[in-house]
Amino acid sequence: MSDNAAVVRELFESGLSGGDTAVIDRLVAADVTFTQPGVPRGREGLGLVVELDNDAFRDWRYELDDVLVDGDRVAVRWTARGRHENTYLGEGPTGRDVTQEGITMLRLDDGVVTEVRSHPDSLGLLQQLGVLPTMSIVD
């Protein structure tokens, strides 16, 4: 495993899972470029996502399904799981176990994450919480 892959693995497994801000502060540049649909840009947005997920979902944990490295870039296909026990985007706790999948692209410079572009399946998560109806093309 490359050093960049190890950094990203630690970020997801120790920083984002459980919201360990010391790990995030150590591995993510203060001026990180962070983009995720519907979220403020930059470190503020990353911190908001981490706080929101870990506050709303007990035992929120990321599993890294695929980690692909190309030089200073790392692509991660991930699955996160937790139990909805606090308010999430205005939706009161349901007690439901939920799963969210996503893909995140990261860029690193000397072992520090400088860019994060994340694309979570937010629609699927909101459907699991009962906020949005599920749809199927098969009856």
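The values are calculated or read from the model by the stated rules, or taken from the named source; none is laboratory data. Predicted model, so just to flag it, every value in this text is computed and none were measured. Here the Cβ positions follow ideal geometry from the backbone for every residue, glycine too, while neighbour counts run over all protein chains shown.
Descriptive notes on the structure:
- Reported count of residues in region 114-139, each being within 14 Å of the chain's Cα centre (by Cα) and part of a strand (DSSP E or B), is 6.
- Condition check for Leu46: closer than 19 Å to Gly18 by Cβ, surrounded by 13 or more Cβ atoms within 10 Å (Cβ to Cβ) and hydrophobic (A, V, I, L, M, F, W, C): yes
- The residue that is farthest from His119 (Cα to Cα), among those in region 4-52 that are within 13 Å of the chain's Cα centre (by Cα) and among the β-branched types (Val, Ile, Thr), is Ile24.
- Restricting Glu44, Glu85 to those that are modelled with pLDDT under 90, at negative phi and not small (Gly, Ala, Ser) reduces the list to Glu44.
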